[in-house]
Amino acid sequence: MTCRGLNRASICAGDADRSHFLDLLDAMTERFRVRVHAYVLMTNHYHLLLETPQANASRAMQWLNVSYSIWFNRKHRRCGPLFQGRFKSVLVDGEGSWALEASIYIHLNPVRRAAYSASKRQRAAQRQGISAELTNDTIRAQLKVLREWQWSSYWDYAGRRPKPDWLTCDELWSRASGGRKNPQIAFRDCVEERITQGRPVEMESRTTAGLVFGEEGFVAKVRRWLEDQPIPGVAEKPQMRQMKKWVPFETVKAAVERIHGEKWDVFRDRRGDWGRDMVLVLAHRHGGLTYPELAQVVGMKPPAVAAAIRLMKRRLADSRSKSGHKMKQVEDEISSIQT
């Protein structure tokens with residue numbers, strides 16, 4: 001779950017505000033019987049990894065945002081909405097390492113927001129919580145950001161302070177350690193190795209239409225749930241109603257790679273290459289990804305994504321272009337991968 005301040009404005013004016021937000025998380029777990037597995041509270045947004053046994057995510061999140069907004073407005077003598085619209089949610093596969101990966105993504109949020117801007121490739125890496133150029137200075141700087149940001153559950157998982165009763169850590173500790181070593185050390189290693197070894201957190205590229213993070217079998221299961229018994233707080237989303245039509249980004253990428261004869265990392269940044277733009281078109285058309293979501297996945301800006309898609313569509317409309325034939329080949333390949 002994530003929610004952002006209105007117009008990206010601050011939702012915390014100081015540590016007292018952050019402490020009160022955490023007090024509300026405590027109250028939310030008791031009131032709604034939700035489990036908080038991970039969190040990070042930034043200046044203008046927050047992320048939560050929640051488990052909702054009673055399928056009441058919408059009620060819990062509405063209560064949290066309204067309660068905090070009323071308190072914040074009274075304290076700071078302001079009026080009007082504090083948060084920008086409804087919270088955004090991603091369904092996370094409870095099996096395998098998916099929840100652990102989501103928690104690492106959350107805990108590296110302060111690193112992603114740190115100011116290490118440079119080339120397009122570096123910006124794409126930073127959105128995944130790492131730097132494209134691994135120097136000793138860069139590694140030290142990013143580890144410093146991670147270790148000094150106390151307003152996340154990373155300190156609790158890494159054993160830097162006693163965890164609060166309302167934070168559920170045992171499940172992710174177990175997945176990080178595999179029962180083979182100290183769970184706090186194991187979890188810390190899992191997170192910090194993403195920085196020291198330059199291993200990306202592949203959440204955006206593996207999230208189906210920005211709403212489901214898990215194996216394709218889990219995505220199919222969500223589709224069946226929505227058809228047979230809609231999930232409260234989720235099924236009303238227009239994107240969810242299109243789940244049966246969605247194709248995961250990885251499936252689109254794999255299909256283009258097969259027809260292209262090269263890997264995505266080889267042709268992605270090659271100027272004038274049809275492969276990247278076709279991935280964008282198909283991920284937008286069949287995967288339901290918006291331009292901003294595609295921009296995050298491929299390391300581009302949304303206007304550049306829009307321009308690339310427009311260019312590819314013009315090529316597809318030109319009967320003299322070979323793009324139409326390539327498109328048919330790729331779409332046939334996608335169908336064979338899905339079946």
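Between ALA317 and ASN182, what is the label-to-label distance in nm when each label sits 7 Å out along the Cα-to-Cβ direction?
6.3
Based on the inverse mean of 1/r over its pairs of different Cα atoms, what is the Kirkwood hydrodynamic radius of the range 247-339, in Å?
Over the range 247-339, the inverse of the mean reciprocal pair distance is 13.1 Å.
Amide H neighbours of VAL212 under 5 Å, at least 5 residues apart or on other chains, H built in the peptide plane: list them.
When sequence neighbours closer than 5 places are left aside, the close amide H contacts are LEU91.
Relative contact order for the range 2-89: what is it in percent, counting Cα pairs under 8 Å that are at least 6 residues apart?
Once divided by the residue count of the range 2-89, the mean separation gives 41 percent.
Can you tell me how much longer the chain between ASP265 and GLU51 gets when fully stretched, taken as 0.36 nm per residue apart minus their C-alpha distance, in nm with one decimal?
Contour length minus the Cα-Cα distance gives 73.6 nm.
If you keep only loop residues by DSSP, which trypsin sites (Lys or Arg not before Pro) in the range 247-312 have at most 15 other Cβ atoms within 10 Å of their Cβ?
Loop-located and lightly packed - LYS263, ARG270, ARG271.
Quick one: length gained pulling ARG78 to GLU148 fully straight, 0.36 nm per residue minus the C-alpha distance?
Length difference between fully extended and current span is 22.2 nm.
Within 10 Å of each candidate Cβ there may be at most 14 other Cβ atoms; applying that plus a DSSP loop requirement, which trypsin sites (Lys or Arg not before Pro) in the range 1-55 survive?
Listed in order of number, the matching sites are ARG33.
In terms of modelled amide H atoms, which long-range or inter-chain residues lie less than 5 Å from the amide H of TYR46?
The list, which skips near neighbours in sequence, is CYS3.
Report the gain in length on full extension from ASP15 to THR196: 0.36 nm times residue separation, minus Cα-Cα distance, nm rounded to one decimal.
62.2 nm
Using a basic spin-label model with each label point 7 Å from the Cα along Cα→Cβ, how many nm lie between LYS328 and GLU215?
In this crude spin-label approximation the distance works out to 3.6 nm.
Applying the Karplus parametrisation 6.51 cos²θ - 1.76 cosθ + 1.60 with θ = phi - 60° to the phi angles of the range 303-310, what ³J(HN,Hα) value in whole Hz is obtained for each residue in order, glycine and proline being reported as x?
x, 5, 4, 4, 5, 5, 5, 4
Which value in nm describes the separation of the simple spin-label points at SER336 and TRP71, placed 7 Å from the Cα toward the beta carbon?
Taking the simple label geometry, SER336 and TRP71 are separated by 5.7 nm.
At a Cα cut-off below 12 Å, give the aspartates and glutamates reachable from LYS144, other chains included and same-chain residues fewer than 8 away excluded.
Cross-link targets: GLU192.
None of the figures in this text is laboratory data; all of them are computed from the coordinates on show. What you are looking at is a predicted structure, and each value in this text was computed from that prediction instead of being measured. Reconstructed Cβ throughout: ideal geometry from the backbone, glycine too, with neighbour counts over all protein chains shown.
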